[in-house]
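Single-structure report; data block below.
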Amino acid sequence: MLTKRIISCLDIKDGRVVKGTKFLNLKDAGDPVELAKYYNKEGADELCFLDITASHEERKTIISIVEAVANEIFIPFTVGGGISSTKQMKDILRAGADKITINSSAIKNPELITEGAAKFGSQCIVLAIDAKYNGRKKTWEAYIKGGRENTNLDAIEWAKKGVSLGAGEILLTSMDSDGTKNGYDIELTKQVVESVNVPVIASGGAGKIKHIIEVFHETGCDAALLASLLHYKDLTINQIKEKMEEEELPVRLTEV
Amino acid sequence: MKKKISLIDFGAGNLHSVYKAFNFIGANIEITRDLKVIEDSDAVVLPGVGAFGSAIKAIKKYNLVETIKSVSTKKPFLGICIGLQLLFEESEETPDVKGLGVFEGKVVKFKIAEKIPHIGWNNVSYFSPERNGFGFDDEVFYFVHSYYVVPKEEKLIYATTTHDNEIFASVIKKENLIAVQFHPEKSGDVGLDLLETFVEEI
């Protein structure tokens with residue numbers, strides 16, 4: 001039986017790991033390779049690097065980080081942030097990454113999903129969706145540019161479309177929950193899980209172990225993405241996984 | 001002298017990850033598509049991720065078909081993911097393209113499972129209790145695939161995995177050949193242990 005994955009997410013800016021709440025207020029939290037090693041040892045099932053570097057030139061640093069990580073860590077990892085061509089995808093995959101996440105660039109050019117899937121396989125293409133609730137419309141909308149711009153696209157419809165275009169996984173971030181530590185957006189996650197037949201990674205809002213247990217039990221999602229909760233050592237992956245096992249969730253346990 | 005391992009280069013997506021993993025455990029491995037180098041090595045690894053059809057096309061382009069077929073039955077041989085699937089006769093993924101046909105049987109798409117691709121960590125369990133351990137014992141490995149092999153000869157099946165109630169052959173073994181549907185190069189310490197066992201048994 002497939003285990004429920006715990007993914008440790010590292011936001012990278014200019015070669016360093018940073019994490020803010022609600023996408024603002026970035027703090028330096030360390031060296032990517034060291035942190036990757038640490039989380040691998042801790043039992044992370046996967047790593048995710050999101051490059052939030054602003055300029056195009058500085059983006060090249062992500063390639064050397066990917067290479068350095070791939071030399072020493074032998075679990076799957078995903079890279080995202082500003083990737084807008086299959087050429088960039090190829091460079092990152094070649095450097096040792098297993099998957100690519102795309103967000104803004106996929107909304108601007110949905111064919112990028114199809115092209116990427118055709119060249120590297122659907123399993124390589126993770127569609128990241130930043131969703132925010134619109135109380136007036138009573139629906140979630142997809143945002144781009146790190147949550148700064150509303151596309152007015154219905155997030156659930158966009159998830160379905162992305163999968164039909166070739167996305168092999170959905171990385172779903174609730175902008176309403178992100179940084180609150182009040183728990184994942186259960187309703188949003190559930191609706192997306194029920195709308196697509198590919199794995200869904202829930203992101204945004206975890207503050208306690210019970211939030212992680214809750215999102216797995218109540219939505220059927222496949223993975224939970226964690227960042228600051230782990231980076232500031234509020235919780236360890238081992239603590240989370242022990243509780244998951246107790247709650248009879250399928251989990252991969254490693255020796256710590 | 002360390003045993004020489006050839007890692008066959010037909011442009012597979014996980015080529016470098018597999019190379020790095022063998023390097024990490026201190027094996028003497030070389031990325032190559034040189035027929036002589038492959039034939040002279042002590043063991044051979046056939047990697048792979050992606051599509052069956054394009055993999056066969058690349059293998060043909062580099063004139064590797066006969067060499068792979070011959071070394072797979074003569075030398076210690078490890079197939080990974082597509083490197084397992086290629087050993088069979090045909091695949092539902094590309095019905096008009098023939099596989100290497102080292103084994104009878106075909107590669108089929110998940111039929112019962114709802115979530116495809118099968119992505120993530122899953123258990124690998126011995127198919128019959130008398131099998132002894134090849135670097136694992138009901139361990140969890142990392143999978144990424146939409147198709148799996150159905151060998152005509154059931155005794156080839158060394159271990160199985162279950163995804164959404166669909167049971168499939170995740171490890172094939174015959175004499176010196178072992179081929180796995182999962183990715184040992186991405187399965188953490190358990191995966192590295194399997195590669196070490198392969199190297200030790202050369």
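Below, the figures for the structure above:
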| quantity | calculated |
| --- | --- |
| Qualifying helices (runs of 4 or more DSSP H) (wholly inside segment A:132-238; at least 1 residues being closer than 17 Å to residue A:5 by Cα, modelled with pLDDT of 95 or more and among the aromatic types (Phe, Trp, Tyr)) | A:209-219 |
| Residue match in segment B:131-146 (condition: surrounded by fewer than 21 Cβ atoms within 10 Å (Cβ to Cβ), closer than 29 Å to residue A:40 by Cα and of a type in the set (A, V, I, L, M)) | no |
| Lone unmet requirement of (1) touching a strand residue (DSSP E or B) at 6+ places or on another chain (Cβ under 7 Å); (2) under 28 Å from residue B:25 (Cα atoms) for residue A:107 | (2) |
| Segment B:160-191, subset buried (at least 18 other Cβ atoms within 10 Å of the Cβ), among the hydrophobic types (A, V, I, L, M, F, W, C) and over 10 Å from the mean Cα position of the chain (by Cα), residue farthest from the other protein chains (Cβ to nearest Cβ) | B:169 |
| Members of segment A:115-150 that are away from every other protein chain (no Cβ under 14 Å), surrounded by fewer than 18 Cβ atoms within 10 Å (Cβ to Cβ) and closer than 30 Å to residue B:53 by Cβ | A:115 |
| Residues of segment B:1-27 that turn out to be touching a Ser or Thr at 6+ places or on another chain (Cβ under 9 Å) and not aliphatic (A, V, I, L, M), as a count | 5 |
| Hits in segment A:234-256 (condition: touching a Lys or Arg at 6+ places or on another chain (Cβ under 9 Å) and without any contact (Cβ under 8 Å) to a residue 60 or more places away in the chain) | A:234, A:235, A:243 |
| Among the residues listed as A:81, A:43, the single one being facing chain B (nearest Cβ under 10 Å), modelled with pLDDT of 85 or more and on the phi > 0 side of the Ramachandran plot | A:43 |
| Test: residue B:196 is surrounded by fewer than 20 Cβ atoms within 10 Å (Cβ to Cβ), touching a residue at least 60 places away in the same chain (Cβ under 8 Å) and more than 11 Å from every other protein chain (Cβ to nearest Cβ) | yes |
| Tally, over segment A:84-103, of residues that are more than 14 Å from every other protein chain (Cβ to nearest Cβ) and either free of Cβ contacts under 8 Å to residues at least 40 places away in the same chain or in contact with a Ser or Thr (Cβ under 8 Å, 6 or more places away or on another chain) (or both) | 5 |
| Tally, over segment A:216-239, of residues that are buried (at least 17 other Cβ atoms within 10 Å of the Cβ) and within 18 Å of the chain's Cα centre (by Cα) | 14 |
| Boolean, residue B:123 is without any contact (Cβ under 8 Å) to a residue 40 or more places away in the chain, within 12 Å of chain A (Cβ to nearest Cβ) and surrounded by fewer than 21 Cβ atoms within 10 Å (Cβ to Cβ) | yes |
| Selection from segment A:9-31 of residues that are touching a strand residue (DSSP E or B) at 6+ places or on another chain (Cβ under 7 Å) and either modelled with pLDDT under 70 or in a helix (DSSP H, G or I) (or both) | A:19, A:26, A:27, A:28, A:29 |
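Conditions (1) within 7 Å of another protein chain (Cβ to nearest Cβ); (2) assigned to a loop (DSSP other than H, G, I, E, B); (3) modelled with pLDDT under 90, marked per residue:
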site: B:107; (1), (2), (3): no, no, no
site: B:115; (1), (2), (3): yes, yes, yes
site: B:119; (1), (2), (3): yes, no, no
site: B:128; (1), (2), (3): no, yes, yes
site: B:131; (1), (2), (3): no, yes, yes
site: B:141; (1), (2), (3): no, no, no
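The values are calculated or read from the model by the stated rules, or taken from the named source; none is laboratory data. All values reported here derive from a predicted model rather than from experimental measurement. A quick note on method: Cβ atoms are made from the backbone with ideal geometry, for glycine too, and the neighbour counts reach across all protein chains shown.
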